[in-house]
Each structure stands twice: as C-alpha cells, then as structure tokens.
1. Which members of the range A:436-464 meet the condition of being of a type in the set (Val, Ile, Thr) and modelled with pLDDT of 75 or more?
2. Please go through the range B:154-182 and give me each residue that is over 20 Å from residue B:117 (Cβ atoms) and in contact with a Pro (Cβ under 8 Å, 6 or more places away or on another chain), ordered by number.
3. Determine which member of the set A:803, A:772, A:831, A:792 is modelled with pLDDT under 80, closer than 30 Å to residue A:258 by Cα and of a type outside the set (A, V, I, L, M, F, W, C).
4. So, restricting to strands (runs of 3 or more DSSP E) that lie completely within the range B:1-119, which ones have at least 3 residues that are among the aliphatic types (A, V, I, L, M) and farther than 30 Å from residue A:21 by Cα?
5. Can you tell me which of B:10, B:59 is surrounded by 19 or more Cβ atoms within 10 Å (Cβ to Cβ), more than 14 Å from chain A (Cβ to nearest Cβ) and within 14 Å of the chain's Cα centre (by Cα)?
6. Pairs only if they're at least six apart or on different chains, beta carbon under 6 angstrom, first in the range B:74-96 and at the interface with chain A (Cβ under 8 Å from one of its Cβ atoms), second surrounded by 16 or more Cβ atoms within 10 Å (Cβ to Cβ) and of a type in the set (Val, Ile, Thr); list them, first residue then second.
7. Is it true that some residue in the range A:64-74 is in the same structural domain as residue A:237 (by TED's automatic domain parsing), buried (at least 24 other Cβ atoms within 10 Å of the Cβ) and either modelled with pLDDT of 80 or more or outside any helix (DSSP H, G or I) (or both)?
Amino acid sequence: MTFVREFALAARLLWRDGRAGELHLIGAAVVIAVAAVTTVGFFTDRVQQALNRQANQLLGGDLVLVADRPLPPEFERAASRLDLATTRTMRFLSMARRGEKNLLTGIKAVSEGYPLRGEVRIADGLYGPDRTAREPPAPGTVWVDERLATGLGVTAGEEIGLGEISLRVAAILTQDPDSVIGFLNAAPRLLMNGADVGATGLAQPASRIRYRLQIAGEDARIGAFRAWAAGRLPPGSRLEGIGDARPEIRAALERAEKFLGLAALVSVVLAAVAISLAARRFLQRHLDGCAMMRCLGATQGALVRLHLVHFALLGCVAAGLGGVIGGLAQQGLAYSLGTLIAVTLPAPSWLPALQGVAAGLLLLLGFAMPPLAGLGHVSTLRVLRRELGAPRGMGLAGYLAGAAVIAGLIFWKAADAWLGAYVLGVSSAAMIAAGALVWVLLKLMAGVRGGVTWRFGVANLRRRTLGSIIQVVALALGIMALLTLTLVRSGLLAAWKDRLAPDAPNRFIINIQPDQLEPMNRFFAARGIALPRVFPMVRGRLVALNGRRVSPGDYADERARRLVDREFNLSWATRLQADNRIVAGHWWGEEAARKNQFSIERGIAETLGIKLGDVLTYDIAGSTVEAGVTSLRKVDWDTFNVNFFVIAPPGLLEGFPASHITSFHLPAGRAGVLNALVKEFPNFLVIDIAQVMTQVRRIMDQVARAVQFVFLFTLAAGVIVLYAAIAATLDERLFQATIMRTLGASRAQLARANLAEFAVIGALAGTIAAAGASVLSAVLAQKFLNLSYAPGFAVWITGVACGSLGVALAGYLGARKVVNVAPLQVLRSLG
Amino acid sequence: MSKSSAAPIVRAIALTKQVNTGNIRLTILKDVSFEIRAGEAVAVVGVSGSGKSTLLGLVAGLDTPSAGRLMIDGVDLFALDEDGRAALRGRMVGFVFQTFQLLPAMTALENVMLPLELAGEPAARGAARAILERVGLRERLHHYPRQLSGGEQQRVAIARAFVTRPKLLLADEPTGNLDAATGAQIIDLMFELNRENHTTLLLVTHDEQISRRCARVLRLAGGMLQDT
C-alpha cells in the first residue's frame, strides 16, 4: 500500500474511533495537557513581561537614560525611530519658600507624557482622597508632597517661591512612580512643569541637575535601543533598567517566576500521567483489532505505520485544540490581570502555543510509541485464543520512553536544573515507593482470610498486579500534584507574604555618625517608633582583583562597570543574617580564624567575575585593605532588610572612618517625624522604600492569582487522571461483574465490593501522595524558594480523606456501568 | 460427494506442534498429513483438546509448527516470514470465527470494508455494501456490532470473509455462539457463498450434522489424524 493510501486509511480509522467514542479519554488528556502547558507558557512569557512592566513603574519607564548635562537630541530621535515613547524629566535640589520658611526640596520638572509607566496620584488637600493625574501640572502650577506642605505650612491654592518666580500649589502629590530610585529621597518633593524651569533661573551651567530620558515600549525594541545607546553614552551618563536599580524587585520577580514554573511543572506531570493511562487503555482496547487486521493480511510494518499516523493525527488535532483553548484561556487571564496591572499587556507570541503543542505530541508519542511497536508483534492467534496476553512493550519497559519524555519536559519547564532534579527525584521516589508498597500489600493480602467478596477483590488485584500498581501510582501522583498545588501552594505563598509583614521597615537611614547613635535612639524612643539593628558601614572602591588592578574598562557588562566605578558599602558582622544563605565556602562564625576575609553576595560576584578564593583589594579613604573571598552569600533582597554586598569579620575594617545604616517602619500619616528627624540630624539621608514594597506586594498578589488560574487546568488534568485510572480496569471489571452476576451476585454486593476496592486504592494513593507532597514542598521551600515552610498535618488528613473518598466516589460513579449493565449485553459486546 | 480432481490448495506434510508447559513437553499435533483440493469442503472434527483449533491456526499461518510443512496453493507457508504469511492471508484466505471478531468501533459496513482497505482496494465501499446486501443485512449497514444480534454479527463476519473473494475459507466453530436455528441459517449461507465463489472450505466443528454437509471429514484424536 502506498503511503498516501496508508495515510488515508489511518485517517479513516481515526475518524471511526473518534465517532465510536474510543478517543474521548486520550484526546481529552492531550487537550488538557497542551492547554495547561500553553497557558503556563503564556504566564512565563506574557505575564512575566507584564510583571516586569509593573516593576518598571518604579522607573517611570522601561529604561531610563540618566545624565548630568542635557542629553543630545539624537537619543530621542533614535528612540522614536524604534517606535518607543519618550519623555524628559529634570531633577534637582533647591529651596522652596513661603514667607519666612525655607525648605530644601527635591524638584522634579516633567514634560508631556510623564510618566510612561505607573501613575502620578494627587489629592485636593492634605490627607484627602487621591486620584490619578492624567496630565503633568499645568505651567505656573506645582504639586507638593505631604512633607513640603506641612513643612512650609502651605495648602492647595496658595503660592510658593521657587528661584526667581512664584508658583501656585495646585494639588498635594501622594504618589509619583519614579521617586524612589536614584534620587535624593531625603528631601520633600515637588513636581513642576518643565516649561517653567527656565523662568526660575535655577538651571545654570554649574547647577547639579540630573537629566533623565524615560523610554518605554516593546521589550525587543527596548533591547535594541539599549544596544544602540550603550556605545554612544556621553560622559557622566548611564542607562538604567529596573533590575539594575532595585535588587528587591528583581528578587521578587525571580521568585514569582519560580512559583509559576512550579505550577507549570505540576501540570505537566499530571497531564503526562493522564496521557500515559489513556494511551495504555487505548492500546489494550485495540489489541484484538490489531490481531484481526494481521489475520486480514496487514503486515507488522503496516500495522505500526497505521497506528503511528493514527496517533500523530490524533496528537495534532488534540494538541491544536489544546493550543486554541490555551490561547483563549490566556486572553481571559490577560483580562483579569490586565485590569489589575493597569498597563496594556504586550502581545503574546506564538511560541508558548507551539511549545505546548510540541509538549503534547511528545508526551503522546512517548507513551504510545513503545506499546505501539509491540502492537506489530501482537499474536495473530489472539483471534482464536483470547487468553493470549498483551505483547511485550505494554509493560513497564513501555513506560520508559514516556518517563524519559516527562523527565525532559520537567527539566525544560523548570528552566533550572536543580528544581527539575528535585521535582523529578521526589516524583520518581513517590512512584517507586507507591509501586513497592502496593506489591508488598498484595503479597500480604493473599494470606488474609475473608469472605467471598474479599477473596474475589484480592484475587483481582493480584492477578493484574502491574495494572493495580500503575493505578495506585497514577492516582498517588495525581493526588500529590493536587495537594502540592492547593495546600502547599497557599502555604508557600503565605510564607512568602509573611516575610513582608505590614510593619516591615519602609525607610532606610544612611550616613549616621557614631556619635549620633545614642541621640537617634532617643529621638525614636520619644516618638514610640521601634528601631531595628544598626549596621556599621565603610565605603571603599574595588581597586584590584588577585593583585591585578581593575578598572571599568575591564568589563563589557554595564552593571559591572558601574560597580567598579563607584564605592561599595562594606560592613562587618559575626552573625549571618537570617535572609542570607551561604552558597559556597564557609561563614566565619563567632570567632573568625583570620581577620582578612570577605563574604561576597553571589549576584555581584557573578557580575564582577569574583570566585571563591580570589583576593580583593579595596581602597578605603586612601588606604588599601586586602582579603580573600571565603564565602559567597545568596541574599533575599525582597525581605527589605539592610544588607551588604561585601562583609568582613570584625577586626578588618573598624579602623576606617565608618558611618551607620538602619531601617525602620514609619506608620502612615507620620510624615512630620521625618521633617523633625532631618531637622535634628541634617546629615541623615532618609530613603523611602514604601512604594517599592507596595510593588512587591502587588507582584505577590498577582502571582497568587496566576497560580490559581493554572490550578484550574491542573484540576481538570487531575479529573482526567482519576477517570483514566478508573477506566483502565473498567473493561475487565465489566466482564468479571457479568460473570459474578450470572453466578448470582446481587447488584448491591457488587457495588459494595467496588466501593471497598476503590476506597482502599484511594487511601493508599492518598497516603503516598501526602508523603510525596510533604517532602516535595519542604525540599522546594528550603532549597529553592528560600522560605521556611513546614507542611502541616492537614496535608496528610486531606490526602488520605480526599484520596479514599474521592477515588471511592469517582470509582463508584465510573464503574456504575459494571453494576447496572445487563449481563447479556456485556457477553454480546465481548463477542 | 466425489473428490475434486483439481490440484491441492492445502497440503499438510507431517505437521507437528509441541508446547512446553512447565517441565512437560506437550504434543498437541503429531505427524498430521492431508490434502485439500480446490473447491472442496472439509470438516475437522474431534473432542475438545484434540488439536482442531491448533490445526486451523497452522493452516492460517497464525502459528508455526514444531515440525512439518504446509503448502498453500503451492507456496511453502512456513518458508515465508510473518509478513509474507500475512500478505498471503490477505490475498487468499478468509476467516470466520466462533467469537465473530468484529471491530467494535466500526459499523457493519466498515468492518467488511476493512480487508479491502488494507489491500488498498479503491472500491471497498461498493463491494462491501453488495456483499452485506447478499447476506441479508441491507438495513443494518451502519449499525455497530453491539447493536446487532449474534446471528447478524456472524453474517457480517461471513461477508467480511468473502468480500476479498478468497480461495480458501477457514471457519472456527462458526455456529458455536449461536442457537440451533440461527446456526443452521449461518451454515446454509456459508455453503451457498462457498459454492457461488468456488471457495475451498476448511471448517472446524463439533457438530456432526454440519460435518456431514462437507465432502470429507478429518477426524482428530489426541493430536493425530484418524482414518475417515
């Protein structure tokens, strides 16, 4: 037969199978697998982009070009050629006046289009309800923040003096997106129209003005602009993205990505289990047909080719449908998250859909192919003797290729070798444990005496040992995945959120001199504000690495250049902070063996190419300090605690001029405290990170919603697994029930036997699943998400209870036919 | 009935089949030799376990002998590999089974079309429809096996066996699952089609009445052919 004819025949066979309902299960499994993988793909693609954009609100754009003199217009032109939106801002410090009062104020002059990302919010009066401002302040007017308003005693409608002119206060500024980054946050803030700057006379050539060009648009175009601009930056200018500016946000985004990746992994594992069960059942039901076709003259090769095309076609149709569902689902998701994010989501790419389809096809072929190869060898004598079993390839070996595909998918979707290894390891261990446990129990049960129903049930389970093991293992994996995604997910998310408590520090104070520590403590105590730890800090510039001088020119990476170009904050400590984890080398502890050692934050070490054992030389106030790197630390920046890139043991840095840094929580509505603080300690620099924290909290909320959305697919995959596991033995049950009923068993007896058997299977699977979910979540929390989380007893109770009740109920409903169908009908259908 | 003078279409030479069950080597067929000429109708009879079905399986090339040879239309069946035997079956042999062996996902018409489709015949539908009408199932073309009675299912199986116009029809207890009246109708139909198509018939049966309708009877006992 030619290929075209074979293809056409395979298509006809597929059509006939589909019409007869033979493809419902396997088709649904593939559709759900592809839809889940596709939707999750969109999460890590489109939603990730949205989260990044939201983080970019803190910058006011996707990228900012910062310079200490006016930027040449070629940068704006280049951005506009790339279809990127731009807006210019100027920032400087100046005195704002009202009557006799003067206050050093951080002034931001903005132009049309500001802000490109995020929103400016204003209120008509102090502590009044605020709203989004659609336009910048009109020329001749300014918006002032709470501190400036209270400091100068000015309200909306009154005038304040700025340089040579007076400007009317039009509103109280409650939020401006890019105020937290790279600006003197210590000062009260004022927003004015860029057109008025000239008239103030404040922009003189010698003035310290920061010129910023904010840029926004598609990721690829931003990347192109970044590449174009990097080589053309005038002296004294730099490019900033959000990752460069705020490590806390970067850490939160990384964690968000890991949560989504985890949800994706669980869906993939579940979908794979569903497909494997469905493929097995499909092939078992087709054994007789294959034997018949061999009788009718089909060669082994032709049979294999027919089924290969059959499965490929089925895969394409089901995967295509899954891809479409995934596409629609992500539109729904975009809508749900879009309203929350208040930015237009970037258009989805086709890649996640293609990846989903590829994953579905791979899973289907991975599980169907090995037994398919066995179908060619099906004994033709089966037509004469039904008792001849399934060909080789239908057993455990047949699952190896499928297992390999799952392993590959796990590593692909995890995008992190360790995460993949942990998930794979725990899943495999759970499967092996489940298999071994069932095997042992079946052996033990054989010796237990019982009634006829018991004997019948146990004999059934023992006779199809492999089938029973596969059934329990599949159910255990399914329940484990569901437990991980429900109880454990909410636990992990709660643990993440807990780290950012409502009273977490939201202001940093730097530049505290040693003799100011006592007065500062008294200041806060008098106002009832708790002050956390104070850390010593010296500033030093990295001048040599392993004795070789380093300069910005040694690095291609822009961040590395900047790090080398500026002074580092160095500190000393004996105790490792709770949000730090040693990832290489050893921490010195209470008694450091030697003084000259450094512990470096991992990210910065990677950026600067510093390895364990390297010797770093810092220039601190004209003297050099040399020490070896004895440990690398992973810092959880999203805890918002004070943290340092470089730490030494006590004894190395104390001799150098040091200042101190601390953080504290300023309750809402107490801006007056800051004014008093800056008045009493004029050298203090106060950094406001409240908006960054709000942003991180929002990211957490969105991740929680996104994971919930994925959970819908996981739930659907779980239902398919449950059904497939029950359907796997349905034909056999049907036949046996017929015999039993013919021999006089009542329907109630059969129903009870079924219910009992499924409840035992469910309880067994639930127990194994609870163990698996506990181990998996503990390992993931500790090793991967850096969260302290211990799964509670609820996991066990839910696992066992839901396992036995759910499986018993589903089994009873699924196998209802066994009890209700007329025996003659079964005998006839069995031919 | 007189023996046909045509050349033998089946020629078994000292067919032996042994199987290992645990430590015991069981002989199911021993030195079975016979010839069947084209157009002949031959019954194989014997008690349960006498080796009837095994003999049929060997003649169909569904199983291989431990010793001996089998020629189908002059071709040494066991000199061919499994695919070669399958191709020969597709070309020359039709089957009717006790358990009908219809594919449950296909309608009556599609079940009958299948052997033609596997052979790459373009006009499968017309031929299948015609023969189903011939066996009296004009109204049942689009019914699934589960919607048909036992007798109707066996009619479909007979239509499927004859649709390729085989030279040799092998039937394994074709009335074993049917009541006496329906069984008699099925046997009548099979003999009619056999005559119309000049097919050679090898029929395994318990039923002495059916075996009497055949030109010759091969009697098996303990795996050996008795004189008839």
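1. A:438, A:440, listed by residue number.
2. Once the filter is applied, which keeps residues that are over 20 Å from residue B:117 (Cβ atoms) and in contact with a Pro (Cβ under 8 Å, 6 or more places away or on another chain), the range B:154-182 yields only B:154.
3. Sole residue among the options that is modelled with pLDDT under 80, closer than 30 Å to residue A:258 by Cα and of a type outside the set (A, V, I, L, M, F, W, C): A:792.
4. Hits in the range B:1-119: B:8-21, B:24-37, B:41-45, B:67-72.
5. Checking each option against the conditions leaves just B:10.
6. If the second residue must be surrounded by 16 or more Cβ atoms within 10 Å (Cβ to Cβ) and of a type in the set (Val, Ile, Thr), the pairs left are B:83/A:299; B:86/A:299.
7. Step one: of the range A:64-74, the residues in the same structural domain as residue A:237 (by TED's automatic domain parsing) are A:64-74.
Subset that is buried (at least 24 other Cβ atoms within 10 Å of the Cβ): A:64-65.
Filter once more, keeping what is either modelled with pLDDT of 80 or more or outside any helix (DSSP H, G or I) (or both): A:64-65.
So far as the range A:64-74 goes, yes, one or more of its residues are in the same structural domain as residue A:237 (by TED's automatic domain parsing), buried (at least 24 other Cβ atoms within 10 Å of the Cβ) and either modelled with pLDDT of 80 or more or outside any helix (DSSP H, G or I) (or both).
A quick yes/no check of all residues on (1) at pLDDT 85 or above; (2) assigned by TED's automatic domain parsing to the domain that holds residue A:95; (3) surrounded by 18 or more Cβ atoms within 10 Å (Cβ to Cβ):
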position: A:164; (1), (2), (3): yes, yes, no
position: A:172; (1), (2), (3): yes, yes, yes
position: A:176; (1), (2), (3): no, yes, yes
position: A:186; (1), (2), (3): no, yes, yes
position: A:192; (1), (2), (3): yes, yes, yes
position: A:209; (1), (2), (3): no, yes, yes
position: A:222; (1), (2), (3): yes, yes, yes
position: A:228; (1), (2), (3): yes, yes, no
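The values are calculated or read from the model by the stated rules, or taken from the named source; none is laboratory data. Since this is a predicted model, take the numbers as computed values, not measurements. In this analysis, Cβ positions are derived from the backbone assuming ideal geometry, glycine residues included, and neighbour counts consider all displayed protein chains.
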